[in-house]
1. Given the -39500 (n - 2.57) contribution per DSSP H run of 4+ residues, what per-residue ellipticity at 222 nm results for the chain, rounded to the nearest 500 deg cm²/dmol?
2. Among the aspartates and glutamates, select those whose C-alpha is under 18 Å from the C-alpha of LYS55, and discard any that sit fewer than 8 residues away in the same chain.
3. Report the local net charge at THR46: Lys and Arg +1, Asp and Glu -1, summed over other residues whose C-beta lies under 12 Å from its C-beta.
4. So, counting K/R as plus one and D/E as minus one, what does the shell of residues with Cβ under 12 Å around PRO20 add up to?
5. For ASP41 and ILE19, FRET efficiency with R0 = 30 Å and r from the beta-carbon atoms, rounded to 0.05?
6. What is the distance, in nm, between label points placed 7 Å from the Cα along the Cα-to-Cβ direction at PHE9 and at THR32?
7. Whole-Hz Karplus ³J(HN,Hα) for the range 41-52, in order, using 6.51 cos²θ - 1.76 cosθ + 1.60 and θ = phi - 60°, x for Gly and Pro?
8. What is the packing order of peptides 46-56, 18-28, taking the mean over residues of other C-beta atoms within 10 Å and listing the highest first?
Amino acid sequence: MKPQFYATFWQLTLYDIFIPTDQYNTEISRLTTQARSFDNDRTPQTSSMITKRKKDRERLYGAVNRLKSDLARQEVNHEAVRVWLKREGQHWFQDCKW
């Protein structure tokens with residue numbers, strides 16, 4: 001085996017080879033549901049409660065947007081790593097006698 005194989009192995013992270021898409025989607029769904037509950041709440045509120053709920057709702061939607069953005073970046077990185085591994089992997093074991 002070539003040294004490049006070992007170097008590649010130690011450089012990669014778990015997110016380079018696996019994206020926990022289900023966990024991302026579960027958390028996005030949970031935060032969206034929580035934010036929508038603020039939208040659907042029709043109980044009488046004081047102006048400070050309305051301001052607090054609005055900030056909470058914006059915080060939740062911001063977290064959803066960050067998670068979606070992070071998932072998209074992870075998917076782009078994952079695909080780039082897969083292409084790179086496929087290309088480089090052809091050279092790692094070519095001198096091995098099986």
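No value in this document is a laboratory result; all are computed from the given coordinates. Here the structure is a predicted model, which is why all the values come from computation and not from measurement. With ideal geometry, Cβ positions are generated from the backbone for all residues, glycine too; neighbour counts draw on all protein chains shown.
1. My calculation for the chain gives -27500 deg cm²/dmol from helical runs alone.
2. Those aspartates and glutamates meeting the cut-off are ASP39, ASP41.
3. On the way: positive: LYS52, ARG53; negative: none.
Residues near THR46 contribute +2 overall.
4. Values: positive: none; negative: ASP22, GLU27, ASP70, GLU75.
Result for the local shell: -4.
5. Taking R0 as 30 Å, the efficiency between ILE19 and ASP41 is 0.30.
6. 4.1
7. 6, 10, 6, x, 9, 7, 5, 5, 5, 5, 4, 5
8. Ranking the peptides 46-56, 18-28 by packing returns 18-28, 46-56.
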